[in-house]
Structures are given as structure tokens and as C-alpha cells.
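Written out below as C-alpha cells is the structure these notes cover.
The values are calculated or read from the model by the stated rules, or taken from the named source; none is laboratory data. Since this is a predicted model, take the numbers as computed values, not measurements. Every residue, glycine among them, receives a Cβ derived from its backbone with ideal geometry; neighbour counts consider all protein chains shown. Only protein heavy atoms, including side chains, enter the accessible area calculation; ligands, DNA and RNA are left aside. Shrake-Rupley method; radii C 1.70, N 1.55, O 1.52, S 1.80 Å.
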Amino acid sequence: MRKKMLIILTIISIITILVFLSFSYRGSVKTIKHGYFPVQSDETTITNYKPLRCDIDDYNIMLVVPAATEIYGSSDKGNEMRFSIYLVNKDLAFRGYLQIWEIKDLERFLSYSKSLSPFDFKSYKVSNIEKSEYQGFITEWTAEFGEGLISGKEYWLKINNTKEVVRLSILTDTADFPNMLEEVIQQILDSLQIDIKSLI
């Protein structure tokens with residue numbers, strides 16, 4: 001009888017702790033297997049947007065994304081890519097990337113990447129951009145992808161006076177890039193903060 005009572009009290013204690021933790025925890029964590037790491041998110045008062053905070057290797061990154069956006073981070077690296085975050089939003093029908101690359105000559109890199117691309121580009125435009133402490137290029141394009149068309153807008157921004165370049169890429173399965181996604185890009189770019197730990 002006494003043993004039963006101890007078990008019941010233990011179970012009640014565990015349930016109480018779990019309920020307390022579920023109310024005190026804010027945000028969500030998503031992860032993909034095979035070397036992917038979780039990215040944390042917290043709810044915000046900005047309508048339909050949520051802030052993200054990522055602490056990845058040598059980088060501290062903060063930004064906001066639409067609330068329904070699923071975030072997946074990859075620890076996979078290449079010769080030039082330092083990390084990659086994959087964004088998917090079914091409500092707004094877009095997907096994309098936030099990545100950091102180490103690139104010596106960005107203009108040459110973009111030209112070379114286009115020549116190697118498997119896409120059949122129907123339109124492709126490169127423009128200069130300067131945004132607060134970032135400067136670089138925007139690529140806007142439409143290409144054939146399987147049976148349909150895909151359009152994309154990509155920002156390639158140099159971080160201060162380093163070789164690091166941040167890439168924000170938003171892609172959609174439409175012939176023309178939707179105007180409604182311009183606000184999404186603007187919100188992300190306006191909120192984007194990247195600190196390189198070695199420079200702090």
C-alpha cells in the first residue's frame with residue numbers, strides 16, 4: 001500500500017513538473033536528422049512574424065520570419081559555404097535559404113554560379129544593393145523547373161569588411177515573383193543581425 005502511494009506521488013510530481021515546464025517554455029524547435037541542428041524561435045508581438053535566434057559555430061544570427069515559416073538548419077558545409085538555414089512557408093507558398101558564404105570575389109562568383117546552373121533561365125537580372133552595413137547584389141530570375149516555372153529573388157550581401165557574404169534567397173513556383181513576398185524579404189532584411197564571434 002505504501003509503495004503504491006509513493007508511485008502515485010512520484011507520477012503526480014512528474015506530471016506537475018511537465019505541466020509547469022510546458023507553460024514556462026516559449027517557442028518551438030525543429031530539426032532534421034542526418035547532421036542537422038535545431039533552430040530556436042520565440043513568439044513576438046509583431047503581427048504574423050516571429051523572431052529567430054541562431055547560435056551556429058562562429059555566428060550569432062537574429063532575424064524575423066513569417067509566423068508559419070518552418071525553419072531547418074544544416075550543419076553541412078562546403079568549401080565556401082559556412083552554414084545554411086532552409087525556410088519553408090506553405091501559407092505564403094515560398095521556400096528559401098539564409099546562408100553564409102566565404103567569397104573573395106562576389107561578382108565573379110555569381111557569374112560563375114549562373115554558368116554552372118542546371119536551370120534554363122528565361123530571365124536573369126543582377127543589380128547592386130546597399131543596405132545599412134551590408135552591400136552586394138540582388139539576383140532576380142525566372143527559370144524552367146521540370147514541367148513548370150520557378151522564380152527567385154536572392155540577396156548576396158557582404159558583411160562589413162570581411163570575406164563573409166550572407167545569402168537570402170526566396171523561391172516560388174510562379175512565372176513572376178509575387179509582390180506580397182517583397183514585404184517578407186524587407187522584414188527579414190530589416191531585422192537581420194549577424195555577429196561573427198571572432199570579430200566580437
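A few notes on this one:
- Top-ranked residue in the range 163-200 [being surrounded by 13 or more Cβ atoms within 10 Å (Cβ to Cβ) and among the polar types (S, T, N, Q); ranked as farthest from the chain's Cα centre (by Cα)]: Thr174
- Residue pairs meeting the criteria (Cβ under 6 Å; at least 6 apart or on separate chains; first among the polar types (S, T, N, Q), in the range 117-145; second assigned to a strand (DSSP E or B) and open to solvent by 90 Å² or more (accessible area, probe 1.4 Å)): Thr142/Lys122
- Of all residues in the range 73-121, those that are of a type in the set (S, T, N, Q) and open to solvent by 30 Å² or more (accessible area, probe 1.4 Å) total 6.
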